[in-house]
1. Please indicate, with yes or no, whether at least one residue in the range 59-68 is exposed (fewer than 10 other Cβ atoms within 10 Å of the Cβ), at pLDDT below 65 and at positive phi.
2. Is it the case, given these coordinates, that LEU26 is surrounded by 10 or more Cβ atoms within 10 Å (Cβ to Cβ) and either modelled with pLDDT of 90 or more or within 21 Å of the chain's Cα centre (by Cα) (or both)?
Amino acid sequence: MRTQNPETMTPAERDAEVASILALGLARAIHAERSRSTRKPSDLAKSDANRLELPQHADLSVSARPRG
């Protein structure tokens, strides 16, 4: 990415910079989606071992703050 001050860039340069950022984000999203869809079920089972487990019905409780 550029390190040029956006205030000194021309409108066309700013447009090109925004387009570049969006294109990079889109490419990353496509790559991530493709890598997710090509995983084997056995790979997913291995990664599940490191995940946080929560009970199916985790009730949350919140106490009132004391006033004062």
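The values are calculated or read from the model by the stated rules, or taken from the named source; none is laboratory data. Remember, predicted model here, so these are calculated numbers, not experimental data. Note that each Cβ is placed from the backbone with ideal geometry, even for glycine, and that neighbours are counted across all protein chains shown.
1. Yes; the residues of the range 59-68 include at least one that is exposed (fewer than 10 other Cβ atoms within 10 Å of the Cβ), at pLDDT below 65 and at positive phi.
2. Values: surrounded by 10 or more Cβ atoms within 10 Å (Cβ to Cβ): yes; either modelled with pLDDT of 90 or more or within 21 Å of the chain's Cα centre (by Cα) (or both): yes.
Yes.
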